[in-house]
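Chemist: Quick one: the structure is below, and I'll ask about it shortly.
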Amino acid sequence: MNTLSRNCMLHGHGGGFGECGFVVFAEEKVVQGWSSEGLASTESGSEGCLSYGKEGGPEVIPHYYAENISLAHLCELHGWSLRTNPRRVFDAVMFSNEIDLLEIRLQELMPYVTKFVVLESNTTFTSRPKPLIYQNNEQRFSFVRDKVTYSFLPGQTLPPKDPFVNEGRQRRAMDQGLRAAGIADGDLFIMADVDEIPSAHTIRLLQSCDGFPSIMHLQLRKYLYSYDFHVDFNSWRSAVYVFDSKVTKYQHGRVTNNILADAGWHCSFCFRYRRIHMLTVYDIPHIWTLSGYRTSFARAKICLKCFLRSFPSEN
């Protein structure tokens, strides 16, 4: 059982993960919704925090992996070459309250990541006050303390006309956090949300090989509410970059047609308690899209109450 599987079970996300712990000569999977979602226009005025600009379908890159195969052989299987020295790896996430998922992510990627950049604010994207959950639970992450660069971004207390503006502000602040962490041209940069977790062997492969596209999306196995409930293979927004200080910016949209097959896991709304669901669902920008763009907050709350009743409280 791999690290991610153990941690999922530890945190109550279920144990149905053994068959997903590694990929053996993964075949190409069709990425559904690529055109409709990836090229959808936005009216958010988000100043470029989401990037949509590549037409056409995905160019799926097969992903080969099995235990006890040398890195040189794995690179060769992909048509790549083995590097003399592995790349440094930087993983950057904007953290809100997904504390269990963050621990799972750090445990999975710790062997191969040089620096984790964690950005936290004291307000949500909808400008509601929130505690500094990472800072208040820093001891929980003592196992990786030497690898974490923590950044605090003071929140904006006035509600924006569009919460995607606050999301864009945090993404721009992440660019500064990466520079503070010491990222340099040629390093491997993982750009993903906390719940979009690349597998450790995927990052080991990419830090060890030359010859792959300098920007690739990662196709992740999509789960909903728990790692017990596999939905599809249609999670594609996470990406890896060979960092270029002149052009690389922190964003979360479609930036290339290249996508590496079966490269990790994306577990949406995988929280243990109702209060975390409530904070997350009420305060992410996507609440504006629940009943059509810019739906009223009061109307959205009515829809969400029914949804949240299905999750346990902490008592």
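Chemist: With respect to LEU109, determine if the residue is touching a strand residue (DSSP E or B) at 6+ places or on another chain (Cβ under 8 Å) and closer than 25 Å to ILE259 by Cβ.
Modeler: In short, yes.
Chemist: Can you say whether ARG172 is modelled with pLDDT under 90, surrounded by 15 or more Cβ atoms within 10 Å (Cβ to Cβ) and not in a loop (DSSP other than H, G, I, E, B), as far as the supplied structure shows?
Modeler: Judged against the criteria, ARG172 is a match.
Chemist: In the range 112-151, which residue that is among the acidic types (Asp, Glu) and out of contact with any strand residue (DSSP E or B) (no Cβ under 7 Å at 6 or more places or on another chain) is surrounded by the most Cβ atoms within 10 Å (Cβ to Cβ)?
Modeler: GLU138
Chemist: Right, something else. Kindly evaluate LEU109 against the criterion of being touching a helix residue (DSSP H, G or I) at 6+ places or on another chain (Cβ under 7 Å), at pLDDT 90 or above and surrounded by 12 or more Cβ atoms within 10 Å (Cβ to Cβ).
Modeler: Yes; evaluated as a whole, the condition is true for this residue.
Chemist: Of all the residues that make up the range 200-231, how many are at positive phi and modelled with pLDDT under 95?
Modeler: Residues flagged as at positive phi and modelled with pLDDT under 95 within the range 200-231 amount to 1.
Chemist: Closer than 23 Å to LEU260 by Cα and in the same structural domain as GLN251 (by TED's automatic domain parsing), is that true of SER127?
Modeler: When the stated conditions are applied, SER127 does not pass them.
Chemist: Taking the stated definitions as given, is ALA184 in a loop (DSSP other than H, G, I, E, B), surrounded by fewer than 20 Cβ atoms within 10 Å (Cβ to Cβ) and in the same structural domain as VAL148 (by TED's automatic domain parsing)?
Modeler: yes
Chemist: Oh, and also: In the list ARG204, ARG254, which residue meets the criterion of being touching a residue at least 24 places away in the same chain (Cβ under 8 Å), surrounded by fewer than 20 Cβ atoms within 10 Å (Cβ to Cβ) and touching a Phe, Trp or Tyr at 6+ places or on another chain (Cβ under 6 Å)?
Modeler: Unique residue meeting the criteria: ARG204.
Chemist: In the set ASN166, ASN97, which member is assigned by TED's automatic domain parsing to the domain that holds LEU188 and more than 17 Å from the chain's Cα centre (by Cα)?
Modeler: Residue meeting the stated conditions: ASN166.
The values are calculated or read from the model by the stated rules, or taken from the named source; none is laboratory data. For clarity, every value in this text was computed on a predicted model and none was experimentally measured. Methodologically, a virtual Cβ is constructed for each residue, glycine included, from the backbone with ideal geometry; neighbour enumeration extends over all protein chains shown.
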